[in-house]
Amino acid sequence: MPTLTPPPLPSDDKRWKIVNGTMRKNGFARHALIETLHTVQSAFGYLDDEAIRFVALSLRVPLSQAYGVVTFYHYFSLKPPGKHTMTICTGTACYIKGTDKLLAAAEQRLGIPQGQTTKDGLISLTTARCVGACGRAPVVLTDGELHGQMTGEDMLAQLERWTAE
Amino acid sequence: MTIEELDQIAESVRTENSKFDHEISVCMGTGCLSQHSDQLKDALAKSVSAAGKNAFVRRTGCMGLCAAGPLVLVEPEDTLYQHVKAENADAIAASLDKEPIAELQCELREHFDQQVHVVLENSGRIDPEKIDDYIARDGYRALLTALNDMTPNGVIRQITESGLRGRGGGGYPTGLKWSTVAKAPGDQKYVICNGDEGDPGAFMDRSVLESDPQRVIEGMAIAAYAVGASKGYIYVRAEYPLAVSRLTTSIREARRRGLLGTNIGNTPFNFDVEIRLGAGAFVCGEETALIASIEGRRGTPRPRPPYPAMSGLWGKPTLINNVETFANIPPIIRKGGRWFASIGSARSKGTKVFALTGKIRNTGLVEVPMGIKLREIIEVIGGGVPEGHTFKAVQTGGPSGGCLPAEMLDIGVSYDALMAAGSIMGSGGMIVMDDTSCMVNVARFFVEFCMTESCGKCIPCRAGTAQMFTLLTRICDGSGTMDDLALLEELCSTVKETSLCGLGQTAPNPVLSTLKYFRHEYIDHIVHKRCPAGVCNLKAPVEVPA
């Protein structure tokens, strides 16, 4: 059986070395696919075709399977995130406390549906299914920072601050 | 590491702590951290030294009462302060050795007095990243006792005797599961901790992992010894970054102390743990889907048998338990199965942690003995629905559970009683709804969740939940008919009986339970074209031309 040499790093970008590190730590085993994709996403912010191809070839996973995994899990994103990300929790506790109104207000203000980024690439609007801070519902994450008992005014004020930057 | 060495570590921690007149614990769980309790801790440390007080400021995990955060506990006075801000630090430092600050004091005795802490015994009491703090509170004593003085079968006997049932929701007897894995043939076995807490509205596992991670690791190690495994995985949601980072630290600490690795406690027992991150798929809480995810594949379940106990991770016998189940193990081994069985009700033993949220005063985490009435949890511990509104329903079990009305509040909390009432125990989410919630809309919310989370492998769940969602949407927007309702009920029973895994089998529960107890709301939407709670935007009835 011919031995497969791992593909070269896609570019000089140092972040690929981090990605390679995760794979090496797992002995380039196929089951390291999700772990490696996590590393790519935390390093690059999203997964593009080049990254998926590189990881799949390195781990000898069929491209179709790698793509299948990426699209199966909500946590992985195929599009680059905006400069800022607003994540609105739509878990049950937040829903009971009226998070649907927050989401509608944000969608209206930004003019995009959830899951998209404004045309200028400034703000991404996403939803999360429960971040586990239900005691403080409704919860909104601004660039990953958690804010509890969010009001519509506070949320819109944050969006204004980002837009004004 | 021997028990004597554990004692020495515990002793040195106690000596160190006794040098201080006061211990100030600051809650740094996700809820309080979101209100900058980290800055509060630094401010307190500064104020205490500026005031020249002999006090020690400690970071701890969740103290439970998230509604009143950030929380600060002063010991030995046992004064609990609520809504503390960094600017209160000087006042708190000055009040040491004197009278406590009345206006900051949290006076919710009835909230805490009704609770029994087994799983949460260390939460909010120890620094979650310091293994010595855990050891000082009898940590790892159970593991070393098991390794030195008990046979694997002896451990399983204690667990069986305790009557512990799986805390992930299914309620399968833990002792039975362990003995099945122990008896399964094979040299290589695995232990998996299911921390994929996907239920929206539940955060028990997050809190335990953030507040007392060593307890889960110890529980896993005891399980590994009992079933003959040498490798463990903790599967945690990527949405819980703090839990992941505290677990990573804890695993490293446990290795450093020789409590993970080879020849643990100078015995031939080897065990190590790795973390695997989930990637946002609710279905991965199902054990075969979780295994597929750890193997790096799409998290789709497969038919059982074979059960993971016979053929699990990479085809090897695998024990999968929930975070809370493992967290119950060390005290059971320490105090005996009979002690555990003395808590709780006839067929549900021990305690249960609930995440109490929604329209209720004291939101947060509570741990209560099994058998306690729902009414006590909601009205006494939870403080009831905030003024101006009335209680309508309590939802347990997340998207797989059901909504129970006020007249069902006097049932005792146990696996069987909740099941008989049309809901389930689930992993422990408990969401209170008041008169501003529309039960049809709530059912639609859960069905939408199950629809998006359905992995798509089996048709009843993939297509059935989508059809259920369409029907519920029609009822919510006012275009539903009584025929739709009949179709919905028929579909519910089809999806329930023919789906492959728990997700589909339980997806109709929110619809069935609301139909059982709140049928009038469905009728209001369909016949009278009105939403009693004023949530749904109903279209005006269309006049059919004659």
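Below 17 Å, Cα to Cα, which lysines can residue B:19 reach? Residues fewer than 8 away in the same chain don't count.
Leaving aside lysines fewer than 8 places away in the same chain, those within reach of residue B:19 are B:53.
May I ask which of A:17/B:130; B:352/B:392; A:25/A:83 have a Cα-Cα span longer than 25 Å here?
Numbers: A:17/B:130 32 Å; B:352/B:392 23 Å; A:25/A:83 31 Å.
With Cα atoms farther than 25 Å apart: A:17/B:130; A:25/A:83.
Shape verdict for chain B, please, from the Cα gyration tensor: rounded (a/c under 1.5), prolate (a/b greater than b/c) or oblate. Don't skip to the end; give the middle numbers.
On the way: a/c = 2.19, a/b = 1.29, b/c = 1.70.
Oblate.
Please report the spacing between the Cα centers of the range B:481-525 and the range B:318-390 in Å, no decimals.
So the separation of the two Cα centres works out to 28 Å.
Given contacts defined as C-alpha pairs under 8 Å and at least six residues apart, what's the relative contact order of the range B:351-434, whole-number percent? Intermediate values should be presented prior to the final figure.
On the way: 176 pairs, mean separation 31.1, N = 84.
About 37 percent, as a whole number.
Work out the mean other chain Cβ neighbour count within 10 Å for the residues of B:274-285 and drop it here as an integer. Don't skip to the end; give the middle numbers.
Working: counts 2, 1, 4, 7, 4, 12, 7, 5, 3, 1, 2, 0.
Averaged over the peptide's residues, the number is 4.
To make sure I understand, if each residue's beta carbon is the centre and we count other beta carbons within 10 Å, what order do B:117, B:525, B:36 fall in, fewest to most? Let's see the in-between values first.
Working: B:117 17, B:525 27, B:36 14.
So the ranking, lowest neighbour count to highest, is B:36, B:117, B:525.
Find, among the GluC sites (Glu not before Pro) in the range B:332-399, those assigned to loop by DSSP (not H, G, I, E, B) with at most 12 other beta-carbon atoms within 10 angstrom.
B:387
Just list whichever of B:183/B:373; B:177/B:231; B:41/B:349 have alpha carbons separated by over 27 Å in the model shown.
On the way: B:183/B:373 38 Å; B:177/B:231 18 Å; B:41/B:349 38 Å.
Over 27 Å apart, Cα to Cα: B:183/B:373; B:41/B:349.
To the nearest Å, what is the center-to-center distance of the range B:7-69 and the range A:1-73, using C-alpha atoms only?
42
Near residue A:31, within a Cβ-to-Cβ distance under 12 Å, what is the net charge of the other residues, with Lys and Arg +1 and Asp and Glu -1? Show your work: numbers first, answer last.
Details: positive: A:30, A:60, B:276, B:297; negative: A:35, B:274, B:295.
Net local charge, residue A:31 excluded: +1.
Hey, got the average number of other protein chain Cβ atoms within 10 angstrom for residues in B:296-305? All intermediate terms of the calculation are to be shown ahead of the outcome.
On the way: counts 15, 9, 8, 4, 1, 0, 0, 0, 0, 0.
For peptide B:296-305, the averaged partner shielding equals 4.
Which of the trypsin sites (Lys or Arg not before Pro) found in the range B:44-86 are in a DSSP loop and have at most 16 neighbouring Cβ atoms, other than their own, within 10 Å? List each step's numbers first, then the result.
Values: sites: B:46, B:53, B:58, B:59, B:85; in loops: B:53, B:85.
Filter output for the range B:44-86: B:85.
Please list, or write none, the lysines whose alpha carbon is within less than 17 Å of the alpha carbon of residue B:46, excluding same-chain residues fewer than 8 places away.
Within the straight-line cut-off, residue B:46 pairs with B:85.
Per residue of B:444-453, count partner chain C-beta atoms within 10 Å of its C-beta, then hand back the mean as an integer. If you can, show how the numbers build up before the last one.
Working: counts 0, 5, 2, 0, 1, 6, 0, 0, 2, 2.
Partner-chain Cβ atoms within 10 Å, mean over residues of B:444-453: 2.
Any read-out appearing in this document is the output of simple, stated calculations on the displayed coordinates, not a laboratory observation. Worth saying up front: this structure is predicted, and the values here are computed from it rather than measured. We place every Cβ from the backbone using ideal geometry, glycine too, and count neighbours over all the protein chains shown.
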